[in-house]
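Let me begin by presenting the structure, written as structure tokens, before commenting on it.
Coordinate-derived values only; no laboratory data. Since the structure is predicted, the reported quantities are computational estimates derived from the model, not experimental observations. All Cβ positions, even for glycine, are placed from backbone atoms using ideal geometry, and neighbour counts span all protein chains on display.
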Amino acid sequence: MKIKTIDLYCKEWFDKVNGNSYFSCDIILNYGMKSEKSFTLPFQYGYEEHYIDMAKVFLFEKRYFKENNIMWMLCRENNIILRTYKKENCLKKELVY
């Protein structure tokens, strides 16, 4: 499958009691195309742009990428459009599917 676009939709929750951030992320490949596929990264520890790194690791492990490089570099080298969106200050129940 040739990847043309990668869309990452992340939700982030901050655990005020323990001072940790967590996220979950939906990965959509080739959004709006016949070859569209979607995956979900489950609830896990991470903050800021860690969801982008974890999405790259997931796609590398699923063999969508041949190299384990930085996401923006992989997209640039392979002419892939990368779009990211992160919703902060979510409730924990919004992250757990």
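Give the lysines whose C-alpha is closer than 18 Å to that of residue 4, dropping any in the same chain fewer than 8 places away, or say none.
In chain and number order, the partners are 34, 37, 56, 62, 66.
If the viscosity is 1.306 mPa s and the temperature 10 °C, what Stokes-Einstein diffusion coefficient in µm²/s follows for segment 5-95 when Rh is the Kirkwood radius over Cα pairs?
116 µm²/s
Please identify the cysteines of the chain that lack any partner cysteine with a Cβ under 4.7 Å from their own Cβ.
75, 90
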